[in-house]
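Derivation of every value follows stated rules applied to the coordinates shown; laboratory data play no part. In this text, all values refer to a predicted model and were calculated from it rather than measured experimentally. No Cβ is skipped: glycine too gets one built from the backbone with ideal geometry, and neighbour counts run over all protein chains shown.
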Amino acid sequence: MRRSYLAVITVIAAIATSCRSNRPVGIDSPQWNVNVRELQGELLHADSIILNIRGLLPVDDCLFVHHGLNTHEYSMYKIRHGSLVFAGNLIRHGNGPTEVNRARLHYLPESEALVAVTYNIYGKVIVIPYGKGRDIFDEHSWRVSQNGPLTSSAGNITPVDTANLLLQNMLNDRIFATYGIGAEALMNLPIKYPDTSPPLPPLERSGFIYRLCLAKRHGKRQFVYSYSNGHFVRIFELDGNNVRNVKTIFEETPGYTLHGDKVARAGTTKFGLRASTSANHIYIIDPKIVAGRRNEDIKRNGFPDGYSKEIYVCDWEGNPEVKYVLDRPVTYCAVDQAEQYIYAATVEDEIVRFRLPNF
């Protein structure tokens, strides 16, 4: 009898384990309703004007704000008792050695560095030492590398480390390539774009229907990507130039119509999920808009396209952990390294943070 009882327990354990296997779950799956928590936002009042927010990067007690300055890409603020205290502007606009036309800033805690990946015609990478006693505004301490023309047709460039980049291929059937800074060639990775029928022109495929949102796990060579259309999210790990441990969280690819050279989303295609990351979790936002009823969905949601009041959190195995319901719609969500707060921008172009409870 005892042996039969143990056998039953073993079977139940196996079933439970299989439920946490890499089997994609839909955004409407009951698994997301097992642990639902409400979060109240706290406005962070800045001592200077912040306009047209385009991204946030929290690092330690600082917040780097990507916004609509004419002179620089980012402003740095110190977070002080619920306020933002201006500390300086970072990365000037222009054509000089340390200047850019457009850039995105990343933080690599394992390298103690900020990495600015630029999107000039030929591109450049700026590595900025970051840490105690470092002056990030001292441009003489920056290491600037020119990418050359190899990355000029790339999208969503993300640093793997301070010497290597992961980028979206725009012109062939492989989604990703790696680029060693200063190298003479890209290294294509084996992950391919989904088969399309009818075939899409390369730039319409990679720049519109399958445009990527790509994020790196803090401190690891693990990445998560989604498409700008459809509910598709996948995790993978880089071991050198080898792809390992591929896990699909959501697998609904977008539909489209092709009339001559004009490409449009299919009416049933959902707007894409967007992911941000921490060392332990992936935070996913669903805009809850379907292409064919965009205006109706925006009216139903009660806020503009691109914002959301729900955040779905899973671990790096793709297992659902919690769904957060926010007290206001937000965009450009970013999680600090300690995983204490979610920082985000509001519809009113203000900055808010949400205190995260323990899982």
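Quick one: order LYS262, LYS78, LYS124 by neighbouring beta-carbon count within 10 Å, fewest to most.
So the residues, fewest neighbours to most, are LYS262, LYS78, LYS124.
Find which of THR331, TYR256, SER141 sits farthest along the positive direction of the dipole of the chain, computed with +1 on the beta-carbon of Lys and Arg, -1 on that of Asp and Glu, about the Cα centre.
Final value for the positive-end residue is TYR256.
Where does each of MET76, MET170 land when they are ranked from fewest to most other beta-carbon atoms within 10 angstrom?
Fewest to most other Cβ atoms nearby, the residues stand as MET170, MET76.
Can you give the relative contact order of the stretch 25-355 as a percent, counting alpha carbon pairs under 8 Å and 6+ residues apart?
Relative contact order here is 15 percent.
Tell me which of SER48, VAL243, ALA215 sits at the most positive position along the dipole axis of the chain, charges placed on C-beta atoms (Lys, Arg +1; Asp, Glu -1).
Highest projection toward the positive end goes to VAL243.
Any of LYS192/LYS288; LYS124/LYS192; LYS270/LYS299; LYS124/LYS216; LYS270/LYS323; LYS192/LYS270 with alpha carbons more than 24 Å apart? Name them for me.
Details: LYS192/LYS288 27 Å; LYS124/LYS192 26 Å; LYS270/LYS299 16 Å; LYS124/LYS216 19 Å; LYS270/LYS323 20 Å; LYS192/LYS270 21 Å.
In this structure, LYS192/LYS288; LYS124/LYS192 exceed 24 Å between Cα atoms.
Out of the DSSP beta bridges found with both residues in the stretch 25-355, what percent are antiparallel (nearest 5)?
Around 95 percent antiparallel, to the nearest 5.
Gain in length, ASP138 to VAL36, computed as 0.36 nm per residue apart minus the alpha-carbon separation, to one decimal in nm?
32.2 nm
Looking at ALA266, PRO202, LEU69, which one has the Cα that reaches farthest to the positive end of the dipole of the chain (charges on Cβ: Lys, Arg +1; Asp, Glu -1)?
Looking along the dipole axis, the top candidate is ALA266.
State the extension gain, in nm to one decimal, for the chain segment bounded by ALA163 and GLU348, taking 0.36 nm per residue of separation less the distance between their alpha-carbons.
So the chain would gain 62.8 nm between ALA163 and GLU348.
Length gain on complete extension for the stretch LYS78 to THR257, per 0.36 nm per residue less the alpha carbon to alpha carbon distance? Please list the in-between numbers first.
Values: separation 179, 0.36 × 179 = 64.44 nm, distance 4.75 nm.
Taking 0.36 nm per residue and subtracting the Cα distance, the gain is 59.7 nm.
If you average the C-alpha positions of the stretch 293-311 and of the stretch 146-221 separately, how far apart do those two centres end up, in angstrom?
30 Å
Distance between Cα centroids, the stretch 60-86 to the stretch 333-353: provide it in whole Å.
The stretch 60-86 and the stretch 333-353 have Cα centres spaced 12 Å from each other.
Using the crude model of +1 on Lys and Arg Cβ and -1 on Asp and Glu Cβ, and no other charge, please compute the dipole size for the chain relative to its Cα centre, in debye to 20.
820 debye
Normalising by the residue count of the stretch 229-359, find the relative contact order in percent from Cα pairs under 8 Å and 6+ residues apart.
16 percent
From a point 7 Å beyond the Cα of THR196 in the direction of its Cβ, which residues of the stretch 247-283 have a backbone N at a distance under 20 Å?
From the stretch 247-283, the list is 251-274.
Going 7 Å from the Cα of ARG102 along its beta-carbon direction, which residues of the stretch 331-346 have the amide nitrogen within less than 20 Å of the resulting point?
Those under the cut-off are 332-333.
Tell me, what is the FRET efficiency for ASN95 and ASP327 to the nearest 0.05, using R0 = 45 angstrom and their Cβ-Cβ distance as r?
FRET efficiency, ASN95 to ASP327: 0.55.
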